[in-house]
Amino acid sequence: MAADRSDDSPARAAILGGIRRAAGALRDAEAARAAVAQRLAAHPRNLIPARTALPPAALVELFVAKARSVAATVERVAAGGVPDAVADYLAGRNLPARVRVAPDPALLALAWDSRPALEVDFGPARPDDATSVTSALAGIAETGTLLTASGPGHPTGLTFLPSTHIVVLPVERIVGSYEAGWDLLRAAGDMPRTACLVTGPSRTADIEQTAQLHAHGPGRLHIILVDGAALTHG
């Protein structure tokens, strides 16, 4: 029997319908790619909370208040005071005097030998590391959040594996909004493989709605704000 070639053939309608749908999907995909490219190029702002429209000194105060409200601890030191601040923080909590420090050039240059009782190693996190020390790309005052970017000077594991995370943050890197933080990330050069937003210690309430710290990352987050420090982040 000859194949039915009439215009109302179900087989023909199915084939043509599939072609039309594929062509439409292709047009939609091209439009979507164009829209994404335009948005990435324009970096449009979303609604930014009015509480971030502050002068730099007030932004620092807001960042500290917000970070403390989510169980982070914060102290402010002068340039060069980081090794003492790290050693004193560990001693004050009866934690081992041993840290794994990110190989950020500015962190490498600090006078860690001024505290000889503090054991300092540099490099990526290891399974037995209890405390890490890293820098951060930005502090976001809107929510007391830290923005970190992976790179040779900031192995990502240092943010997640140790039970205590100490972050060294120059005060000039505190910005008001998330949008301003992303601006700093773009200005730093090529986009990193990983960018992390850290708001307080790791916690979860998945089990019986009871908050538990150190669930998926460090159970302690200590932020050392530094005046007059030009730390890199990479």
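Residues of the stretch 124-152 that are part of a loop (DSSP other than H, G, I, E, B) and either modelled with pLDDT under 95 or open to solvent by 10 Å² or more (accessible area, probe 1.4 Å) (or both): 124, 125, 126, 127, 128, 129, 130, 137, 142, 143, 150, 152. Please enumerate the residues belonging to the stretch 101-123 that are under 11 Å from residue 87 (Cα atoms) and assigned to a loop (DSSP other than H, G, I, E, B). Within the stretch 101-123, 115, 116, 117, 118 meet the criteria. Scanning the stretch 97-130 for residues that are within 16 Å of residue 222 (Cβ to Cβ) and under 18 Å from the mean Cα position of the chain (by Cα) yields 101, 102. Scanning for something modelled with pLDDT of 95 or more and assigned to a loop (DSSP other than H, G, I, E, B), does the stretch 176-183 turn up at least one residue? Yes, the stretch 176-183 contains at least one residue that is modelled with pLDDT of 95 or more and assigned to a loop (DSSP other than H, G, I, E, B). Restricting 68, 100, 76 to residues that are touching a strand residue (DSSP E or B) at 6+ places or on another chain (Cβ under 8 Å), open to solvent by less than 20 Å² (accessible area, probe 1.4 Å), of a type in the set (Lys, Arg) and in contact (Cβ under 8 Å) with a residue 40 or more places away in the chain narrows the list to 100.
Out of 192, 162, which single residue is in a loop (DSSP other than H, G, I, E, B), touching a Ser or Thr at 6+ places or on another chain (Cβ under 7 Å) and more than 23 Å from residue 220 (Cβ to Cβ)? Exactly one of 192, 162 is in a loop (DSSP other than H, G, I, E, B), touching a Ser or Thr at 6+ places or on another chain (Cβ under 7 Å) and more than 23 Å from residue 220 (Cβ to Cβ), namely 192.
The values are calculated or read from the model by the stated rules, or taken from the named source; none is laboratory data. Given the structure is predicted, the values throughout are model-derived calculations rather than measurements. Positions of Cβ are backbone-derived with ideal geometry, glycine not excepted, and every protein chain shown enters the neighbour counts. Heavy atoms of the whole protein, side chains included, go into the accessibility calculation; ligands, DNA and RNA do not. Shrake-Rupley method; radii C 1.70, N 1.55, O 1.52, S 1.80 Å.
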